[in-house]
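Worksheet for the structure shown next.
The values are calculated or read from the model by the stated rules, or taken from the named source; none is laboratory data. In this text the structure is predicted, and so the values were computed from the model without any measurement. Neighbour counts are summed over all protein chains in view; Cβ atoms, including those assigned to glycine, are modelled from backbone coordinates with ideal geometry. Each accessible area value is taken on the protein alone, full model and side chains, heavy atoms only, with ligands, DNA and RNA left out. Shrake-Rupley method; radii C 1.70, N 1.55, O 1.52, S 1.80 Å.
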Amino acid sequence: MSQKRYGLIDSFRGFTLLSMLIYHLAYDIICIFGGNFDWFTQPWVMAWERSISFSFVVISGVSLNFSRHAYRRGLIVNACGLVITAVTAIVIPDQIIIFGILNCIGCSMIITRALRRLLERIEPLFGAVVSFFLFGFAFGLPLRYLGFFDVRLTSLPDWLYSLRPLAVLGLYDNNFFSADFFPLIPWLFLYFCGFFIWRAIEKAGKEKLFLFGVPALDFIGRYTLWIYLIHQPLFMGICFLIFGGI
């Protein structure tokens, strides 16, 4: 397992984090304090949000290749996700976050680490392509269809969505709500894709291209989890001071 620090990966993570910070600040101002919830349904805003979530999951999958304590890291990330659930339930219950991106990534870390020996037997490029296909095929599962991303090929029966404990798999009923929800299906497949992408890069001997990054983004990227945890309380506090109550 490589012990080198690949600055370009940290830089990609840092850039994605900055994009997320801008997106969340805009969401807080426009939607939560401005009451304009049509904003985040606009196509360009949805594409922006998808670019952020896709990037975080892929980069985390890539980074698992370097982790010496994936189980511990996965538990820590999951714990942070549960803290966010508790805080949103108390402070803004109408925007509660249940199984958000931190819980999805934390569980994906643990599952991928458990399956690592099996995954390493798969040819990396083939694994990346198949994983991305499965991600696209199952992307509509939470919306009760299968297809390829937004292209609906077949609808799924309602009875599949009747067991609430299966919500984390994307099989949730109409009473379930989360302001930021990333079920394991399809997102685990995208995490696998990230894992395989780095292995394909290593197999091609191109990993040296990632040794150098952008210093400022590199630095930010190393502290993504902690910045993620504090940014929304900070943004909400600033918005309260400027705009008053919700």
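Around the Cα centre of the chain, unit charges on the Cβ atoms of Lys, Arg, Asp and Glu (plus for the first two, minus for the last two) sum to a dipole of about 1120 debye. Within a straight-line Cα-Cα reach of under 17 Å, Lys203 can be paired with the following aspartates and glutamates, leaving aside sequence neighbours fewer than 8 residues apart in one chain: Glu120, Glu123. When the chain is treated as a GNM with alpha-carbon contacts under 10 Å, the residue of Gly100, Gly213, Gly74 showing the greatest mean-square fluctuation is Gly213. The separation of the range 142-218 from the range 18-92, counted between C-alpha centres, amounts to 13 Å. Computed packing ranks the peptides 5-17, 175-187, 143-155 as 5-17, 175-187, 143-155, most packed first, by mean other Cβ atoms within 10 Å.
Over the range 161-245, the Kirkwood radius and the radius of gyration, each from Cα atoms, give a ratio Rg/Rh of 1.14. Shape analysis of the chain based on the Cα gyration tensor places the equivalent ellipsoid semi-axes at 29, 24, 17 Å, largest first. Using a simple spin-label model with pseudo-atoms 7 Å out from Cα toward Cβ, Val130 and Trp48 lie 3.8 nm apart. Surface composition of the chain: carbon and sulfur make up 70 percent of the accessible area, probe 1.4 Å.
Label separation (Glu123 vs Ser155): 4.0 nm, computed from points 7 Å beyond Cα along the C-beta direction.
Please give the length that would be gained between Val91 and Phe176 if that part of the chain were fully extended, namely 0.36 nm times their separation in residues minus their C-alpha to C-alpha distance (nm, one decimal). Fully extending the segment from Val91 to Phe176 adds 28.7 nm.
Accessible surface area normalised per residue over the chain is 54 Å², counting heavy atoms of protein chains with a 1.4 Å rolling probe. Computed from the C-beta positions of Arg116 and Ile242 and an R0 of 51 Å, the FRET efficiency is 0.60 to the nearest 0.05. In the frame of its principal axes, the range 12-156 has Cα extents of 51, 38, 31 Å, reported largest first.
If each of Leu18 and Lys203 carries a label point 7 Å out from its Cα toward its Cβ, how far apart are those two points in nm? Taking the two extended label points, one gets 3.4 nm.
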